[in-house]
1. Want the number for Lys93 to Asn59: 0.36 nm per residue separation, take away the alpha-carbon distance, what's left?
2. D for region 258-298, whole µm²/s, Stokes-Einstein with Kirkwood Rh over alpha-carbon pairs at 4 °C and 1.567 mPa s: what number?
3. Can you pull a Stokes-Einstein diffusion coefficient for region 185-248 at 37 °C (0.692 mPa s), Rh from Kirkwood over Cα pairs, as a whole number of µm²/s?
4. Put +1 on the Cβ of every Lys and Arg and -1 on every Asp and Glu Cβ in the chain; which of Ile237, His203, Gly303 then has its Cα farthest towards the positive end of the dipole?
5. Could you give the length gained on full extension between Arg167 and Ser291, defined as 0.36 nm per residue of separation minus the Cα-Cα distance, in nm?
6. Given [x] 51.8; [y] 15.1; [z] 19.5 as candidate values of mean projected area of the Cα convex hull in nm², which corresponds to the one derived from the coordinates?
7. What distance in nm separates the two pseudo spin-label positions at Glu204 and Leu240, each 7 Å out from Cα along the beta-carbon direction?
8. Dipole size in debye (nearest 20) for region 85-133 around its Cα centre, Lys and Arg Cβ +1, Asp and Glu Cβ -1?
Amino acid sequence: MACLQHPDRDQPVYLLAHHTIGRRAGAADTRITAPEISGIHASIQWSGCQWVIRDLSRNGTWVNGIQLIPAKNQPLGLGDEICFGRAGNPVWKVENLDPPENLLLDLHSGEAQSLESYHLLPDEHDPIASLHFNPVNGVWIYELLDGSDTRETARIVNHGSRIDCARDSWELFLGNSQGATTELAMKNLCISDFRLRLTVSHHEEHVQLQLTKSDLTVDLAARSHNYLLLYLARARIRDLNRGIDVPDQGRVAIDLATRELGITVNHLNTQIFRARKQISNSLPDAIDTSSLVERRSHEMRLGCNQLDIFKGSQKEIIEASTEAATE
């Protein structure tokens with residue numbers, strides 16, 4: 001992640017895709033309070049292939065001892081030394097010139113970790129919340145893992161927001177102003193636009209998942225959380241065959257699901273989050289996966305209705321009653 005070494009602090013200054021330096025509070029991304037510093041003194045920007053610096057000040061900006069031509073872009077190099085206001089002012093050193101990136105900055109240690117489009121907190125092994133990008137409205141959402149209604153446990157977070165989860169605290173740093181890559185062909189698509197094919201072994205020990213949409217096919221490796229998707233897919237197909245109205249198809253009481261699957265509510269919620277993460281990481285960023293499993297009050301259902309279930313090579317036939325058989 002691109003950063004400058006602050007002349008007076010140990011922690012680096014990470015760069016936004018368009019980063020401003022100046023004296024004006026609330027306007028400059030990095031503030032320098034010396035009187036010779038202009039309100040917006042300089043900018044550092046990612047051009048798509050390199051970082052460039054531009055002087056916007058009255059008193060000048062220097063790179064490696066040479067004053068920049070005002071309002072003209074100057075490419076930055078690794079190790080460059082920058083002075084703002086006067087040539088003899090404190091030196092800011094260019095430490096990293098990687099492309100802009102979204103980060104979580106640990107408020108205790110100062111360490112930075114790359115932020116995925118679907119990120120589990122506090123870690124992958126024992127998640128209790130997620131932080132994920134919603135490409136439909138272009139916002140980041142922090143969502144607690146527990147809770148029967150997503151609306152009660154989810155909130156929008158912005159650049160600079162503090163995120164507390166268990167004993168950990170982070171600052172959200174959205175260095176990539178695009179939030180997530182947008183592929184025009186995939187814009188406005190969500191997971192429900194895909195056909196899901198679940199292939200289960202005869203002993204139901206392994207469940208593989210395939211997603212298809214037009215000429216895009218994604219095969220996902222077998223994971224334990226796929227059995228939950230299989231369970232919900234069977235419920236949805238069963239209601240479809242019974243002629244249940246779409247808004248009510250496939251809804252299963254959460255307490256019933258935990259009893260039949262032999263897991264706790266926390267384990268069920270963890271599996272939902274891990275399923276969403278696996279799928280999110282496998283599809284283009286522009287596709288919204290948040291509705292993979294929909295929750296309402298104390299019920300849940302699979303958010304997709306284009307479903308195929310195979311046992312081995314044979315398609316599974318779900319009867320309209322509570323029984324299921326295979327061809």
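The values are calculated or read from the model by the stated rules, or taken from the named source; none is laboratory data. Computed from a predicted structure; not experimentally measured. Backbone-built Cβ (ideal geometry, glycine too); neighbour counts: all protein chains shown. The accessibility values were calculated without ligands, DNA or RNA, using every heavy atom of the protein model including side chains. Shrake-Rupley method; radii C 1.70, N 1.55, O 1.52, S 1.80 Å.
1. Extending this stretch completely gives an extra 10.3 nm.
2. 113
3. The Stokes-Einstein estimate is 248 µm²/s.
4. About the Cα centre, the residue reaching furthest to the positive side is Gly303.
5. Working it through step by step, the gained length comes to 41.8 nm.
6. [z]
7. Result for the modelled spin labels: 2.0 nm.
8. Roughly 480 debye for region 85-133.
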